[in-house]
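Trainee: Take this structure, written in structure tokens, and hold onto it; I'll ask about it next.
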Amino acid sequence: MKPQRILVVGAGHVGLYAALRLSRKLKAREAEVIVVDPQPHMTYQPFLPEAAAGSIAPRHAVVPLRRELRRCTILAGEVTSVEHARRTATVQPIVGPPREVEYDHIVLVPGSVSRTLPIAGLRENAIGFKTLGEAIYLRNRVLDQLDVAATTSDPATRARALTFVFIGGGYAGIEALAEMEDMARDALRYYPELRPDQMHWVLVEATQRVLPEVDPDMGAYTVQQLLKRNLDIRLGTRLESCVDGVVKLSDGDSFAADTIVWTAGVKAHPILARTDLPRDAKGRLTCLATLQVTGPEERPVEGAWSAGDCAAVPDLTKEPGVLCGPSAQHAVRQAARLADNLVATIRGRAATPYRHKYAGSVASLGLHKGVAQVYGIKLRGLPAWFMHRTYHLSRIPSWNRRIRVLIDWSLALFLRREVVSLGELHTPRESFTEVTPPVAL
Ligand SMILES: Cc1cc2nc3c(=O)[nH]c(=O)nc-3n(C[C@H](O)[C@H](O)[C@H](O)COP(=O)(O)OP(=O)(O)OC[C@H]3O[C@@H](n4cnc5c(N)ncnc54)[C@H](O)[C@@H]3O)c2cc1C
């Protein structure tokens, strides 16, 4: 029999783990695994706040695909459409014309993108917090703003530079806000011109609570901790506009801010709309608990698999109709189940439904501060922070990354964390073009 071709679209939490397992379990005569992703690495997103805060080197928060997926074929590019009826995906490689790739099975796992709203000024003035690029940009931005504030003699410019607004109080928003504030406060020891109380860190959250992943008392504890640090927490408040960096809130307040970060949730990746596979009202691929894509008649669409943030997967540990939430915890476990089910299908065996009771959440609120609720056990402060670190250290793929992250943390214990901005990385050609005269052609 000809080897089956498995096309994995997206090498994130699901894609990397699934491809790794498939390539280990299946013999070359059974299947070949092709992985397509525009990035040369998987990003371990739960480490983005620590990478932004300088506790982990950015390179150590990612896992290189070619190093980890040696038995797979890696295609650096983006899938732009899928015609499952023809078992064909169109791939736009990073260079050259688009090409069609045929497959027998597709594992369509491009994850999610920031869920934004049509708010005036948002597109021009805000940034998301989902990619390594965004996290490192934000780090450099915050540190650059300290320099602006320390140098200017204009109080309005200083106030604007020192105002940092985060919209959305889920774990991404809370961790990003808390880690960045902690880093900026740490950095201020080198800025005798500035005082911590001049910084204005604002969280804007539309509902009445933060961290919906944990019980309300843990969310309330988190708010208390942030208030103690003088953060400005606006619950039940929405961003109305931010034209030219002037933030207008639904509570009537308005102020200028140079840094606006959008962390108000995610939605399924828009590429799914350019496929002929069934989706739900929120644009996610509808899946059976076996992680096979399914239509309204609840029969598997042969050869189509999905999981993670872009998939609507029933949560069998809850009442009927409840879906698994978008989390790394589900993503990596679903990846293993998906790979095992695909192997079983190729070998003519039955697929097993995915079942995992959500264990809870761990969140870091800056160095030595955290909140955690795991299997009903609630931890606060240092123990929660320690649990956050040990949990994520155990989950990031490969020993290579674990050791590097551990070394980063250990070095920071003795040498303090690095708080220098490398903002020039964002405009690397500026100094060269300045000294190179233009030549008319
Ligand atoms: C800041 C932050 C902190 C988080 N912290 C936690 C946490 O503490 N605990 C937790 O459980 N979860 C956390 N999450 C959520 C978790 O990271 C996601 O739920 C998880 O990454 C989903 O995995 P995925 O494989 O579906 O998507 P991803 O991991 O996002 O992977 C998607 C992949 O698809 C690729 N891709 C996209 N489009 C295409 C295309 N057209 N063609 C080819 N490839 C494509 C992308 O480049 C990416 O590599 C956090 C998320 C963020 C942003």
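Trainee: Any residue in the stretch 48-76 that is within 30 Å of Lys27 (Cβ to Cβ) and open to solvent by less than 10 Å² (accessible area, probe 1.4 Å) sitting within a Cβ distance under 7 Å of a residue that is acidic (Asp, Glu) and within 10 Å of the ligand (Cβ to nearest atom)? List the pairs, counting only those 6 or more apart or interchain.
Mentor: From the stretch 48-76, the pairs are Leu65/Asp37.
Trainee: Would you pick out the residues in the stretch 318-349 that are open to solvent by less than 50 Å² (accessible area, probe 1.4 Å), more than 16 Å from the ligand (Cβ to nearest atom) and either among the aliphatic types (A, V, I, L, M) or within 25 Å of Gly170 (Cα to Cα) (or both)?
Mentor: Here is the first cut: in the stretch 318-349, the residues open to solvent by less than 50 Å² (accessible area, probe 1.4 Å) are 322, 324-325, 327-332, 334-336, 338-344, 346.
Then drop every residue that is not more than 16 Å from the ligand (Cβ to nearest atom), which leaves 322, 340-341, 343-344, 346.
Selection gives Val322, Val343, Ala344, Ile346.
Trainee: Just the residues that are part of a helix (DSSP H, G or I), open to solvent by 40 Å² or more (accessible area, probe 1.4 Å), touching a residue at least 12 places away in the same chain (Cβ under 8 Å) and more than 14 Å from the ligand (Cβ to nearest atom), please, taken from the stretch 163-211.
Mentor: Arg185, Tyr190, Pro196, Asp197, Gln198 - these are the residues of the stretch 163-211 that are part of a helix (DSSP H, G or I), open to solvent by 40 Å² or more (accessible area, probe 1.4 Å), touching a residue at least 12 places away in the same chain (Cβ under 8 Å) and more than 14 Å from the ligand (Cβ to nearest atom).
Trainee: Also, I was wondering about something else. For the stretch 353-387, which positions are closer than 13 Å to Ile174 by Cβ and among the β-branched types (Val, Ile, Thr)?
Mentor: Val362, Val371
Trainee: To continue, here is another question. Go through (1) within 16 Å of the ligand (Cβ to nearest atom); (2) closer than 22 Å to Val420 by Cβ one by one and return the number of the condition Thr151 breaks.
Mentor: (1)
Trainee: Further question on the same structure: Identify all residues within the stretch 249-262 that are touching a Ser or Thr at 6+ places or on another chain (Cβ under 8 Å) and either hydrophobic (A, V, I, L, M, F, W, C) or in a loop (DSSP other than H, G, I, E, B) (or both); write none if there are none. Spell out the reasoning first.
Mentor: Step one: filter the stretch 249-262 for residues touching a Ser or Thr at 6+ places or on another chain (Cβ under 8 Å), giving 249-251, 255-259, 262.
Correct list: Leu249, Ser250, Asp251, Phe255, Ala256, Ala257, Asp258, Trp262.
Trainee: Can you give me the number of residues within the stretch 293-310 that are in contact (Cβ under 8 Å) with a residue 24 or more places away in the chain and open to solvent by less than 30 Å² (accessible area, probe 1.4 Å)?
Mentor: Total meeting the criteria: 8.
Trainee: Filter the stretch 281-291 down to the residues that are open to solvent by 40 Å² or more (accessible area, probe 1.4 Å) and in contact with a strand residue (DSSP E or B) (Cβ under 6 Å, 6 or more places away or on another chain) and list them by number. So that I can check it myself, show each step before the final result.
Mentor: In the first step, residues of the stretch 281-291 are kept if they are open to solvent by 40 Å² or more (accessible area, probe 1.4 Å); the result is 281-282, 284.
Within the stretch 281-291, just Arg284 meets the criteria.
Trainee: Checking Ser361 against (1) open to solvent by less than 50 Å² (accessible area, probe 1.4 Å); (2) of a type in the set (S, T, N, Q); (3) more than 23 Å from Ser327 (Cβ to Cβ), which single condition isn't satisfied?
Mentor: (3)
Trainee: Every residue in the stretch 306-324 that is under 16 Å from Ser112 (Cα atoms) and not aliphatic (A, V, I, L, M), please.
Mentor: Matches in the stretch 306-324: Ser306, Gly308, Asp309, Cys310, Cys324.
Trainee: Just one of Val439, Val374, Val405, Val435 is over 26 Å from Gln145 (Cβ atoms), open to solvent by less than 70 Å² (accessible area, probe 1.4 Å) and either at pLDDT 90 or above or more than 15 Å from the ligand (Cβ to nearest atom) (or both); which is it?
Mentor: Val405
Trainee: Look at the stretch 142-162 and say how many of its residues are surrounded by fewer than 22 Cβ atoms within 10 Å (Cβ to Cβ) and outside any helix (DSSP H, G or I).
Mentor: Qualifying residue count for the region: 3.
Trainee: Say whether the condition of being within 30 Å of Arg238 (Cα to Cα), within 16 Å of the ligand (Cβ to nearest atom), of a type outside the set (A, V, I, L, M) and modelled with pLDDT of 95 or more is met by at least one residue in the stretch 86-98.
Mentor: First pass over the stretch 86-98, keeping only residues within 30 Å of Arg238 (Cα to Cα): none.
No - not one qualifying residue is present in the stretch 86-98.
Trainee: Going by the structure shown, is Arg416 open to solvent by less than 90 Å² (accessible area, probe 1.4 Å) and closer than 30 Å to Val371 by Cβ? Walk me through how you get there before you give the answer.
Mentor: Numbers: open to solvent by less than 90 Å² (accessible area, probe 1.4 Å): no; closer than 30 Å to Val371 by Cβ: yes.
It is false that Arg416 is open to solvent by less than 90 Å² (accessible area, probe 1.4 Å) and closer than 30 Å to Val371 by Cβ.
The values are calculated or read from the model by the stated rules, or taken from the named source; none is laboratory data. If you're wondering where the values come from, they're calculated on a predicted model, not measured in any experiment. Neighbour counts are summed over all protein chains in view; Cβ atoms, including those assigned to glycine, are modelled from backbone coordinates with ideal geometry. We work out accessible area using only protein heavy atoms, side chains counted, and drop any ligands, DNA or RNA first. Shrake-Rupley method; radii C 1.70, N 1.55, O 1.52, S 1.80 Å.
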